[in-house]
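The values are calculated or read from the model by the stated rules, or taken from the named source; none is laboratory data. Here the structure is a predicted model, which means the values were calculated and not measured. Backbone-built Cβ (ideal geometry, glycine too); neighbour counts: all protein chains shown.
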Amino acid sequence: MQWFNVGKIVNTHGILGEVRVISSTDFPEERYAIGSKLALFMPKDKTPKYLTVASHRRHKTFDLLTFENHPYLQDVEHYRDGVLRVSEDQLTELEEGVYYYHEIVDCVVVTIDGMEIGKVTEVLETGANDVWTVTPDKGKQQYIPFIDDVVKEVDIANKRIVIDAIEGLLS
């Protein structure tokens, strides 16, 4: 079974079983919805512990979660440094033109002229649109905005993205 990271528990918050999560999910509102099932992978454990989200709220740069049957601090304090994940069967089908981060990372980016830029190594959220960090074999990283004027084709099956390198985009 393939697992996908949702977030990492970095600390507790308060005394009522809340944990601070640095989120790495594309869809926090879906992943952290009340009743959502998450698998907790601790650094030294081979098998996950399954948790059900009881509450979710945002606080500064963190997502704060509580889990069913974990009402107190002592119930969750040992979850620190654990990674929350979902299995591949929990992924929902997305509308056309929307992609999961794991689908974009490792795609080769080429210009419409066929020049290879590099591979997508990271997806950055900016609020307005995602920006893809593209790392070449040699040279410096490029930052490609995921906008219609630039991204012309995304072929997930072949791990290939075609862009229009508009003036000033590539340095």
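Points to keep in mind about this one:
- Residue list for the range 148-159, filter: of a type outside the set (Lys, Arg) and under 19 Å from the mean Cα position of the chain (by Cα): Val154, Ile156
Here is a yes/no grid of residues against (1) farther than 23 Å from Thr92 by Cβ; (2) in contact with a helix residue (DSSP H, G or I) (Cβ under 7 Å, 6 or more places away or on another chain); (3) of a type in the set (Lys, Arg):
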| position | (1), (2), (3) |
| --- | --- |
| Gly14 | yes, no, no |
| Glu18 | yes, no, no |
| Ser23 | no, no, no |
| Lys37 | no, no, yes |
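Residue by residue, here is whether (1) without any contact (Cβ under 8 Å) to a residue 24 or more places away in the chain; (2) more than 14 Å from Glu18 (Cα to Cα); (3) of a type in the set (Ser, Thr, Tyr); (4) buried (at least 16 other Cβ atoms within 10 Å of the Cβ) holds:
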residue	(1), (2), (3), (4)
Thr47	yes, yes, yes, no
Tyr50	yes, yes, yes, no
Arg57	yes, no, no, no
Asp63	no, no, no, yes
His70	no, no, no, yes
Tyr79	no, no, yes, yes
Val86	no, yes, no, yes
Val98	yes, yes, no, no
Tyr101	no, yes, yes, yes
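Each row is one residue, and each column tells you yes or no for (1) modelled with pLDDT under 95; (2) within 30 Å of Leu51 (Cα to Cα).
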{"site": "Glu88", "(1), (2)": "yes, yes"}
{"site": "Val109", "(1), (2)": "no, no"}
{"site": "Glu122", "(1), (2)": "yes, yes"}
{"site": "Asp137", "(1), (2)": "yes, no"}
{"site": "Asp148", "(1), (2)": "yes, no"}
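- For Val10, the criteria (1) of a type outside the set (D, E, K, R); (2) over 24 Å from Leu124 (Cβ atoms); (3) modelled with pLDDT of 95 or more hold in every case but one, which is (2).
- With respect to being loosely packed, with under 13 Cβ neighbours inside 10 Å and farther than 30 Å from Arg20 by Cβ, Lys119 falls outside the description.
- Within the range 13-27, the residues that satisfy the criterion of being surrounded by 15 or more Cβ atoms within 10 Å (Cβ to Cβ) and out of contact with any strand residue (DSSP E or B) (no Cβ under 6 Å at 6 or more places or on another chain) are Asp26, Phe27.
- With respect to (1) exposed (fewer than 12 other Cβ atoms within 10 Å of the Cβ); (2) in contact with a strand residue (DSSP E or B) (Cβ under 6 Å, 6 or more places away or on another chain); (3) charged (D, E, K, R), the lone exception for Lys152 is condition (1).
- Among the residues listed as Thr133, Thr111, the single one being surrounded by 11 or more Cβ atoms within 10 Å (Cβ to Cβ), farther than 29 Å from Arg85 by Cα and not small (Gly, Ala, Ser): Thr111
- In summary, Thr25 fulfils each of the numbered conditions (1) part of a loop (DSSP other than H, G, I, E, B); (2) modelled with pLDDT under 95; (3) farther than 25 Å from Thr126 by Cβ with the single exception of condition (3).
- Counted as qualifying within the range 39-127 are the strands (runs of 3 or more DSSP E) with 1 or more residues that are outside the structural domain of Ile156 (by TED's automatic domain parsing) and out of contact with any Cys (no Cβ under 7 Å at 6 or more places or on another chain), namely 49-59, 62-67, 83-87.
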